[in-house]
Amino acid sequence: MPNVFITGAGVDDTWGGAHAKLCSNAPAVPSADGRRKPEKAKLSKALAARIAREDRAILTDITIRSLMAACKAMEMAEGDAPFSDEIRKFFTVFTNTETVRDFHLILDAFRKTRAPDIDAATLFGRLGEVAETTHPLRLFRKLPTNTLYHLSKIFGLTGGGYPLRRMSLGGLLLIEEALFRLQSSDASAALLCASGDMLSAENYGAFRKMGLLADAEQGKGGVYPVNGTASLVLETAETLATTGHAPIAEVNFALTRFSTDMFTGVEDWSYLHQSLKEVSGVTAPPPIVVMYDNGADQLREAELAALAHAMPDAETRSYKRWIGYSAGASVLGDVVAALHDSSIETGRTVIFHGTGAGAGCGLVAMRKMNCLAGQKQVAA
């Protein structure tokens, strides 16, 4: 099967600050109330100039962050050698994003413009009027293909693709899907982009109720929630021979296993580890395993128990203690972190764990070929 390489990696501007702390070993610390205030994404003038006016009208916060991360990944991949039009014809795009839930904003806008003094009961009786105040284009913001559309259009990528949603496993699933397409020669390259917002009211509230959030003031460990987006560019060896781009990692293996369980157990991890051994036979030097370890004790204990049996000599990393937990973008964020981690030597095999509640688990194995420590985009 054709070899597949990573040639570009990027994160959005806000998450870039958290990634920069990784280099200084400064742990992620939540604000005093346990929840960092979400920062609204701002479209740069340079990026805005590349987007048609009608397309700017349907941009979402998620899409803006995705464009930020993808632009950095594409710029890193291309360098001084842009992808040719022929390659872009077979350049596929895969995304993992959350649903835009903005009905409360629509109601608030209706109240302010039509009935500033209205009470809740009366507002409920006038819901039929809300549609009259909403521009039809706003509906496009809710489509799962919104980010996919913008990424494909701004970079001129016409090789197809589709949005994938598998909770926190989504980022890893993007790699598995792209690897399959590229190794099957269905595409020449792939742009992956995953976004997750653990600061949203729904996600944050759910983790708070389950008692999984970290509390720095009380010295309680746990999940450090963040809003983050990460992007990768993948190319086949044949494409690399044409572009001359410098690979930063080689993707050797990707596999997911579906499960409806809320937490991934030792048996599931063991199945993945055994599947990897049968294909790659990773032996020496011992691999580095980037654990999913989002701060939930039950998940971490299952990972460690499985590793103790399958790869007792493996080194481990838990990047979410530094960059925070972003749910859907988790694994892509871990990959970006590992590529910038100077403690991981080039040539080492790095294994990434991923899991999603009610979605299953998976792992990706890759060989690091270049260290990106010091790259400007990480300290954005």
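The values are calculated or read from the model by the stated rules, or taken from the named source; none is laboratory data. Keep in mind that this is a model prediction, so the values were computed, not measured. Heads up, the Cβs are rebuilt from the backbone with ideal geometry, glycines too, and the neighbour counts pull from every protein chain shown.
Okay, residues lined up against (1) surrounded by 24 or more Cβ atoms within 10 Å (Cβ to Cβ); (2) free of Cβ contacts under 8 Å to residues at least 24 places away in the same chain; (3) small (Gly, Ala, Ser); (4) in contact with a Lys or Arg (Cβ under 8 Å, 6 or more places away or on another chain):
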| residue | (1), (2), (3), (4) |
| --- | --- |
| Leu139 | no, yes, no, no |
| Leu151 | yes, no, no, no |
| Ser185 | no, no, yes, no |
| Leu199 | no, no, no, yes |
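There is at least one residue in segment 32-46 that is within 30 Å of Pro136 (Cα to Cα), modelled with pLDDT under 95, outside any loop (DSSP other than H, G, I, E, B) and of a type outside the set (Lys, Arg). No other residue among Ala249, Ala241 is surrounded by fewer than 21 Cβ atoms within 10 Å (Cβ to Cβ) and of a type outside the set (S, T, N, Q) apart from Ala241.
Give the residues of segment 243-270 that are assigned to a helix (DSSP H, G or I), under 17 Å from Ala305 (Cβ atoms) and touching a residue at least 12 places away in the same chain (Cβ under 8 Å), sorted by residue number. Val266, Asp268, Trp269, Ser270 - these are the residues of segment 243-270 that are assigned to a helix (DSSP H, G or I), under 17 Å from Ala305 (Cβ atoms) and touching a residue at least 12 places away in the same chain (Cβ under 8 Å).
Going by what's in this entry, would Ala18 be described as at pLDDT 95 or above and either assigned by TED's automatic domain parsing to the domain that holds Val335 or among the aliphatic types (A, V, I, L, M) (or both)? No.
Taking segment 278-337 as the range and being hydroxyl-bearing (Ser, Thr, Tyr) and at pLDDT 90 or above as the test, the residues that pass are Tyr292, Thr316, Ser318, Tyr319, Tyr325, Ser326, Ser330. Considering the conditions (1) more than 22 Å from Ser231 (Cα to Cα); (2) small (Gly, Ala, Ser); (3) out of contact with any strand residue (DSSP E or B) (no Cβ under 7 Å at 6 or more places or on another chain); (4) surrounded by 16 or more Cβ atoms within 10 Å (Cβ to Cβ), Gly295 is excluded by exactly one of them, (3).
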